[in-house]
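Data block below; observations after.
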Amino acid sequence: MKKLYYVFMIYFIMISLSISEIYAKEKQSIINRIIKPFSAPTALGTLFSLQEKDEYTAIAVVFTCNHCPFANLYTDRLNAFYQEYLPKGVLLIAINPMDSVLYEDETLYNMKTKAIKDQFLFPYLQDADQSIAKAFSADFTPQVYLLQNRKSSWNIVYKGIIDDNGKSPEIAKKYLKEATDSLLLQRPIKDSIIESFGCKIIYRY
């Protein structure tokens, strides 16, 4: 029995070390990654260009879509974040990376319908060829990345979730807000990577 206990403990330690190693490698590959300038059409017919946003200190990039029930829980919170942080020099944008061939409700036309119906205050971009999502290594909707403007480049400083309770925002831990506040106060972001969950982004290739 004692031998079995030690075997279990060794196994547990090895699993813990493996998870820590995976986390460390992900943090190394994601945090501080430079995102090259990109352009994409918005649901309301304009063109968004990252290269033209140098006036902002940071940009919160939220990968979301029309059909994901979990993503749809966050509309009001994204609007509230946009209103609160825009005067502080932080822009929020949403990007739809879903394959509109696979999901008919993810077309630009349906994005426009949703943006108007749900009264999006923020730009809602279509990543038609999924190249933007690939540059970020995005996995789910909703998933958020915080980009810091370092004058010569846009760097990822946070990857994760908006908060940890889709249904009850009043009791949720607000990870995106905490990361943004730390950035604005020039403090280290304590939790720079948080495991995301939601609807899986299916890449065509």
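Worth pointing out:
- Enumeration of residues in region 189-205 that are in contact with an Asp or Glu (Cβ under 7 Å, 6 or more places away or on another chain) and β-branched (V, I, T): I193, I201, I202
- Residue match in region 43-55 (condition: assigned to a strand (DSSP E or B), aliphatic (A, V, I, L, M) and in contact (Cβ under 8 Å) with a residue 40 or more places away in the chain): no
- When F197, F122 are screened for being touching a Leu at 6+ places or on another chain (Cβ under 6 Å), in contact (Cβ under 8 Å) with a residue 12 or more places away in the chain and assigned to a loop (DSSP other than H, G, I, E, B), only F122 passes.
- Qualifying residue in region 92-102 (condition: part of a loop (DSSP other than H, G, I, E, B) and under 23 Å from E52 (Cα atoms)): yes
- Comparison of Y205, Y103 shows that the only residue that is surrounded by fewer than 21 Cβ atoms within 10 Å (Cβ to Cβ) and not assigned by TED's automatic domain parsing to the domain that holds S39 is Y205.
- Residue that is farthest from the chain's Cα centre (by Cα), among those in region 56-67 that are under 10 Å from A94 (Cα atoms) and assigned to a loop (DSSP other than H, G, I, E, B): C65
- When region 132-186 is limited to residues that are within 20 Å of F38 (Cα to Cα) and over 15 Å from the mean Cα position of the chain (by Cα), the one that is surrounded by the most Cβ atoms within 10 Å (Cβ to Cβ) turns out to be N149.
- Breaking point among (1) closer than 14 Å to L92 by Cα; (2) more than 17 Å from the chain's Cα centre (by Cα); (3) among the aliphatic types (A, V, I, L, M), for A43: (1)
- From the list N66, N110, N96, N72, the one residue that fits, being buried (at least 20 other Cβ atoms within 10 Å of the Cβ), farther than 24 Å from W154 by Cβ and assigned by TED's automatic domain parsing to the domain that holds K174, is N66.
- L102 being more than 27 Å from I194 (Cα to Cα), touching a residue at least 40 places away in the same chain (Cβ under 8 Å) and among the aliphatic types (A, V, I, L, M): yes
- Only listed residue being closer than 16 Å to K200 by Cα and at pLDDT 95 or above, chosen from Q148, Q143: Q143
- Within region 172-188, considering residues that are in contact with an Asp or Glu (Cβ under 9 Å, 6 or more places away or on another chain) and free of Cβ contacts under 8 Å to residues at least 40 places away in the same chain, the one farthest from F81 (Cα to Cα): R187
The values are calculated or read from the model by the stated rules, or taken from the named source; none is laboratory data. If you're wondering where the values come from, they're calculated on a predicted model, not measured in any experiment. Here Cβ is always computed from backbone atoms with ideal geometry, including for glycine, and neighbour counts include all displayed protein chains.
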